[in-house]
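The values are calculated or read from the model by the stated rules, or taken from the named source; none is laboratory data. These numbers were taken from a predicted model, which means no experiment stands behind them. Methodologically, a virtual Cβ is constructed for each residue, glycine included, from the backbone with ideal geometry; neighbour enumeration extends over all protein chains shown. In case anyone asks, the SASA skips ligands and DNA or RNA and just uses the protein heavy atoms, side chains included. Shrake-Rupley method; radii C 1.70, N 1.55, O 1.52, S 1.80 Å.
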Amino acid sequence: VQLQASGGGLVTPGGSLRLSCVASGSIGKMLTMGWYRQAPGRPSDLVARIFFSSATAQYADSVKGRFTISRRDAQNAVDLLMTSVKTEDAGVYYCNAMMYDNREYWGQGTLVTVSS
């Protein structure tokens with residue numbers, strides 16, 4: 001299974017950015033897809049994830065109300081719409097996929113820079 005992430009880049013504080021991740025390969029049944037963020041000198045933290053069967057989303061407290069994760073079921077893909085972006089949202093965002101059979105996969109990471 002390969003995860004292809006896209007959409008990172010430079011965003012000004014208060015601005016918006018959309019990240020996308022598409023899974024391909026021998027996927028099987030997708031349990032969750034989501035995004036983790038790693039800021040310099042910090043461990044990676046869950047930003048948001050979505051359960052594919054129910055479309056239930058979970059968010060880190062720091063992004064609730066600002067970020068929205070959605071799934072594209074037929075394409076095994078997720079999008080993360082980041083709005084009202086803050087400087088502390090900066091980091092490398094990694095796409096993650098979990099399968100019902102406990103397989104877990106990571107994308108290559110996409111850099112989000114927040115600067116005016």
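Filtering the stretch 24-52 to residues that are surrounded by 12 or more Cβ atoms within 10 Å (Cβ to Cβ) and among the charged types (D, E, K, R) leaves 37, 45, 49. The residues of the stretch 53-109 that are surrounded by fewer than 19 Cβ atoms within 10 Å (Cβ to Cβ), hydroxyl-bearing (Ser, Thr, Tyr) and under 16 Å from residue 15 (Cβ atoms), listed by number, are 68, 83, 84, 87. In the set (1) over 21 Å from residue 113 (Cβ atoms); (2) among the hydrophobic types (A, V, I, L, M, F, W, C); (3) open to solvent by less than 40 Å² (accessible area, probe 1.4 Å); (4) part of a strand (DSSP E or B), the condition left unmet by residue 5 is number (1). Of all residues in the stretch 33-80, those satisfying the criterion of being assigned to a loop (DSSP other than H, G, I, E, B) and touching a helix residue (DSSP H, G or I) at 6+ places or on another chain (Cβ under 9 Å) are 39, 52, 55, 66.
Note on the stretch 9-23: among residues that are under 17 Å from residue 68 (Cβ atoms) and not in a strand (DSSP E or B), the one that is least open to solvent (accessible area, probe 1.4 Å) is 15. Residues in the stretch 95-112 that are assigned to a strand (DSSP E or B) and either in contact with a helix residue (DSSP H, G or I) (Cβ under 8 Å, 6 or more places away or on another chain) or of a type in the set (Ser, Thr, Tyr) (or both): 105, 110, 112. Restricting 54, 20 to residues that are of a type in the set (S, T, N, Q) and touching a strand residue (DSSP E or B) at 6+ places or on another chain (Cβ under 9 Å) narrows the list to 20. Applying the condition of being among the small types (Gly, Ala, Ser) and modelled with pLDDT of 95 or more to the stretch 24-76 and asking which residue is nearest to residue 114 (Cα to Cα) yields 62.
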